[in-house]
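Remarks on the structure that follows.
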Amino acid sequence: MKLSSAKISKESKGASPSHGGHHKNSFHSKRQSHHSILPLQPVDQLEQWSSVAVDMYNNSSSNNNDNNHHHHQPQNSHTPTSRSSDYSAGGDGDPSATGNKWASRLLKECARAISDKDSSKIHHLLWMLNELASPYGDCEQKLASYFLQALFCKATESGQRCFKTLTLVAEKSHCFDSARKLILKFQEVSPWTTFGHVAANGAILEALDGEPKLHIIDISNTLCTQWPTLLEALATRNDDTPHLKLTVVVTANIVRSVMKEISQRMEKFARLMGVPFEFNVISGLNHLGQLTKDVLGVVEDEAVAVNCMGALRGVPVEERAAVIGMFRSLGPKVVTVVEEEADFSRTRDDFVKCFEECLRFYTVYFEMLEESFNPTSNEKLMLERECSRGIVRVLACDDDQDNEGERERRERGSQWSERLKEAFSPVGFSDDVVDDVKALLKRYKPGWALAQPDQNETGLYLTWKEEPVVWVSAWKP
C-alpha cells in the first residue's frame, strides 16, 4: 500500500485574472446559495485541465495485440466485405433472413452451443462469425468481432491468458497525452461520464455547504476528471473558501502510472482557483476492505464525503456489504455512487443469460458511440477496443482468477439500492442539481434524457433512447 500526498497553502482568490473572468461570467450562472457544477466546455478543459479516464490501445499497440494472439484467436482483421452486407440485408446467404441484427442472433446461438457443449455447432458458428466480423465495420460487425473473441476464449478455456495479454498491451500503450484527448473528446460528444460527475458534485457541495475543512475520498479510476468543476464551485462560494483534502484510492494498475502527472495538474488547478488543497493517492491495495480511517487519513474536524464512480462493481459480491459498512465507519456527510446499469452478478451462474445481458449492455454502448462520433473517428475506435477486456473478463474468466479492481460483476441501480439501504438512508437530489443535469444533457445530441426511478428506488438514471445506462445516487448515515 502506498500513500503519496501534496499540499497547497491558501492563496488569494483570482490568482489568474484571465481565468477569473471566465468562471464568474461564462461558467457560473449562480442562483442564490447554489453553485452550478456543469463541467467546462471541452476546449476550456483542454486549456486549463486535462486527465486520463479511459485506457486505450493506440494503432501500434493494436498491431501488437493482433500479433500476440494470432495463434489462439480467430482472425477478423480483414476490412468489411460485401458478404457481411449480404447477411445484414437478409440476402440469399443470410441464415437469419430477419433484417440487420444478424450479429446478435449468431452470437446468442453460439453462446447456447457453448453452454450445451455442442462442438460441431460451436466450430461452425465461430467460423461463420469470423468470416463476418470486423472491428472496422459497422456496429454489427464490431459487436461480432469483440464478442467472438470472448466466445472463442470461453470455448477454448483461454480467457485468463487473453485477458492478461489485453491488460499488458493496454498498460504498455497507456500514454497520458493521447488518453487525455480521448476522454475530453468522449465528454464532448457524450454525457456518459459527465452525468455522474455533475450529479455527484451537486450532492457533495450541498452536503458539505458551510464546512471549513472538507475531505473527499475518491474511490474510482476516473483520474480526477470530476474535480476541476467542484474546485471552481468552491472558489466562488459566498463564505470563506474551505480547505479541501482529496484522497484518491487507485485500484487499477493502469491508473497508477499517470497519477504523478495528475497530481501535478490538480495542484496547479487548485492554485489557479485559490483553494487551499491537499492531494493524497493511495495505491497498492489488494482490496477495498483494507481501507480504514487511519489509512485514509480521516481526522475528527473534517467533513467527509465518499465518492464511488464505477468502483463497487470491482468488489467481490460477497464482500460488498463489508465495504459499504466500512464507508459508514468513516462518518461521512454523504456517499455518492455511480454505476452503469447492467446485471452481471445474478446471471453469473447461467452463461447464456449472462451472455445475453452482456450483449444487451454493450450493444447499447456501441450504438451510442456510433451515433455520437463521426464514422472515421479514431477516438470511437479506441473506446470500442477498450471494451474488449471487459467483455472477456465477464464471459471467459472465472471469478477465482479475478484481480481486485478488474472484476465486472455489475449490478443494476435497484440492486445497489438494496445493498446501500442496509447502512445508509437515500438522499434525494435537489431541484438545483436536477436542473444542472438537465442543462448538461442539452449540450448533446438528441436521445439523452434524465429518468426518475420507481417509488421504492432512489437516485437518477441517464437514459439513451429510453434505455437506462448510468445510475447515480446519494446516501447519508
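The values are calculated or read from the model by the stated rules, or taken from the named source; none is laboratory data. Quick caveat: nothing in here was measured; it's all calculated off a predicted structure. Don't worry about glycine lacking a Cβ; one is built from the backbone with ideal geometry, like all the others, and counts go over all protein chains shown. Protein only, heavy atoms only, side chains kept; ligands, DNA and RNA dropped before computing areas. Shrake-Rupley method; radii C 1.70, N 1.55, O 1.52, S 1.80 Å.
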Single condition Glu371 does not satisfy, out of (1) under 25 Å from Ser158 (Cβ atoms); (2) modelled with pLDDT of 90 or more: (1)
Flag for Ile262 being in contact with a Cys (Cβ under 7 Å, 6 or more places away or on another chain), in contact (Cβ under 8 Å) with a residue 40 or more places away in the chain and either part of a helix (DSSP H, G or I) or open to solvent by 30 Å² or more (accessible area, probe 1.4 Å) (or both): yes
Residues of the stretch 428-443 classified as open to solvent by 30 Å² or more (accessible area, probe 1.4 Å) and more than 20 Å from Lys476 (Cβ to Cβ), total: 5
Yes/no for Pro191 being in a loop (DSSP other than H, G, I, E, B) and either crowded, with 22+ Cβ neighbours inside 10 Å or under 19 Å from the mean Cα position of the chain (by Cα) (or both): yes
Residue among Val198, Val248 that is over 20 Å from Ala303 (Cβ atoms) and either outside the structural domain of Tyr444 (by the TED database) or hydrophobic (A, V, I, L, M, F, W, C) (or both): Val198
First in the stretch 406-432 and farther than 19 Å from Pro468 by Cβ and modelled with pLDDT of 90 or more, second anywhere and in a loop (DSSP other than H, G, I, E, B) and open to solvent by 40 Å² or more (accessible area, probe 1.4 Å), Cβ under 9 Å, 6 or more apart: Ala423/Pro477; Phe424/Pro477; Ser425/Pro477; Asp432/Ser33
Selection count where residues are surrounded by fewer than 23 Cβ atoms within 10 Å (Cβ to Cβ) and under 11 Å from the mean Cα position of the chain (by Cα), scope the stretch 294-308: 0
Residue within the stretch 219-232 that is open to solvent by 20 Å² or more (accessible area, probe 1.4 Å), in the same structural domain as Pro332 (by the TED database) and in a strand (DSSP E or B) present: no
Residue tally, condition within 15 Å of Leu106 (Cβ to Cβ) and either acidic (Asp, Glu) or out of contact with any helix residue (DSSP H, G or I) (no Cβ under 9 Å at 6 or more places or on another chain) (or both), over the stretch 124-166: 4
Criterion violated by His197 - all others in (1) open to solvent by less than 60 Å² (accessible area, probe 1.4 Å); (2) at pLDDT below 95; (3) of a type outside the set (Ser, Thr, Tyr); (4) within 30 Å of Leu244 (Cα to Cα) satisfied: (2)
Residue among Ala150, Ala170, Ala179 that is assigned to a helix (DSSP H, G or I) and either touching a Leu at 6+ places or on another chain (Cβ under 8 Å) or open to solvent by 10 Å² or more (accessible area, probe 1.4 Å) (or both): Ala150
Selected residue (only one of Asp240, Asp209, Asp218 is more than 24 Å from the chain's Cα centre (by Cα), at pLDDT 90 or above and either of a type in the set (S, T, N, Q) or closer than 26 Å to Gly274 by Cβ (or both)): Asp209
